1. Between a first residue in segment 161-179 that is surrounded by 12 or more Cβ atoms within 10 Å (Cβ to Cβ) and a second residue that is among the acidic types (Asp, Glu), which pairs have beta carbons less than 7 Å apart while being 6 or more apart in sequence or on different chains?
2. Search segment 55-67 for residues that are part of a helix (DSSP H, G or I) and pair each with any residue that is basic (Lys, Arg) and open to solvent by 10 Å² or more (accessible area, probe 1.4 Å) when their beta-carbon atoms are under 9 Å apart and the residues are at least 6 apart or on different chains.
3. For Lys323, all conditions in the list (1) assigned to a helix (DSSP H, G or I); (2) under 27 Å from Ser71 (Cα atoms); (3) open to solvent by 70 Å² or more (accessible area, probe 1.4 Å) hold save one; what is the number of the exception?
4. Return the only residue of Val247, Val235 being part of a helix (DSSP H, G or I), at pLDDT 90 or above, buried (at least 19 other Cβ atoms within 10 Å of the Cβ) and within 13 Å of the chain's Cα centre (by Cα).
5. Ala146 fails exactly one of the following numbered conditions: (1) in contact (Cβ under 8 Å) with a residue 24 or more places away in the chain; (2) among the aliphatic types (A, V, I, L, M); (3) open to solvent by 90 Å² or more (accessible area, probe 1.4 Å). What is the number of that condition?
6. Return the residues of segment 174-202 that are in contact with a helix residue (DSSP H, G or I) (Cβ under 9 Å, 6 or more places away or on another chain) and within 16 Å of Asn150 (Cβ to Cβ); say none if nothing qualifies.
7. Find the residue count for segment 156-187, including only residues that are part of a helix (DSSP H, G or I) and either of a type in the set (Gly, Ala, Ser) or in contact with a strand residue (DSSP E or B) (Cβ under 9 Å, 6 or more places away or on another chain) (or both).
Amino acid sequence: MGNKISTYYGFFKEEEVKELASLYNKGGFEAVVSRIKEKSEALENETLKIAVTGASGVGKSALINAMRGLSGSDPGAAEEGSTEQTMVVTDYPHPQHPTLCFYDLPGVGTTKFSSTTYVKKLELCKYDVFIIVLGVSVMENDVFLARKINEMGKKIYFLRSKIDIEMDNLEKQNRQQDKERELNKIRQYCIQKLEEIKFPSQEVFLVSSYRMNDFDFSRFCNVVVSDLSENKRHVFNLALPNFSTDVIETKKASLHQKILGAAALSGVAGASPIPGTSLLCDIGILVTTFMYIRSSFGLDDESLQRLAWKFGKPVEVLKAEVKNPFISDISAASVLKLITTSVAGAVMAAEEAAHFIPIVGSVVGPPLSFLSTYSILTNSLDEFGKSAVRVIIKTTKK
């Protein structure tokens, strides 16, 4: 099995693992569990504020909706297709993960916000990430804003939108063989225009809000993740729409952190014995965490319905890809049944004890509650992920 610490996907860094060993020596497993709970709560409370701006009609609203897993007709979606310039900052929280919020900013140079007062009036310093959406032309106001953001030491990402339209035009002209050449031409044009207006050395991502698995969207997300702090990276990963199987793997890694937090809660609470099993765990914690995992993978009824509308599929067809009936019916009764019929859980709990911290010896009471909850959730995570992958494949299958 190797070092079990490695399966925690970076939840604790190497120096923090050493700290856990020291905590155990001083305060026992209760001190270790308390530290895990503290770190988990910090993740839960972390916020990520992403500001999106650009000229009128470049596709800001469509991008904001796409990154929230919404279509333009969904409740709470940003209005798409409007050519009216945004005059006020409009916030769009993520429907499943409200600690991530997108902000549609007014363009520079509008009547209400002149370039000289823009930075101050819009309080640009409060945002973590900036996305500047470029259209067919690179506007000087876009670069003015980029300079101001750069002066604040904030991250800026340039996205050239509506690339699907460009590719559809090639197809209509029977020039599919020119796809790569045209993409490179568009990219180089944007970079050249930025350089001409004295904003050099910028990467430009070519994206489509309606074909997220094509072009540069995945690469854009990877770059954002690499630039974010540890906690904000966790928020971003879990909120990503399920546009590829790679996203599912990324979410699984972040959900391991959620699972550790749930196990810590169980350990601190000192759960009661469950009839029919030697494991100790808290049913309420398990139900809540399973529902969170289901929602994060987009397997709840509401998310599946939105996906069905977006791709023009009957929702029953997508639900059929969720093979395990437990995923569709998470309740205290179904969780109890899952535990009492699982032999693996009891075995895993003892095995986890030996690997979580090398100096842990015999495990009784709250530590067993912690390890049991962790094992039950971890053993089920792959099944949730497999269902999410099957749903993705079904939505994209013609």
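The values are calculated or read from the model by the stated rules, or taken from the named source; none is laboratory data. In this text the structure is predicted, and so the values were computed from the model without any measurement. Neighbour counts run over all protein chains shown; Cβ positions are idealised from the backbone, glycine included. Accessible surface areas use protein heavy atoms only, side chains included; no ligands, DNA or RNA. Shrake-Rupley method; radii C 1.70, N 1.55, O 1.52, S 1.80 Å.
1. Glu166/Glu182; Leu170/Asp178; Leu170/Glu182
2. Close Cβ pairs satisfying both conditions: Ala62/Lys162.
3. (1)
4. The conditions single out Val235.
5. Just one mismatch for Ala146, condition (3).
6. Leu194, Ile197, Lys198, Phe199, Pro200, Ser201, Gln202
7. Residues meeting the conditions: 5.
Conditions tested, residue by residue: (1) touching a Leu at 6+ places or on another chain (Cβ under 9 Å); (2) hydroxyl-bearing (Ser, Thr, Tyr).
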site: Lys172; (1), (2): no, no
site: Glu182; (1), (2): yes, no
site: Ile186; (1), (2): yes, no
site: Ser208; (1), (2): no, yes
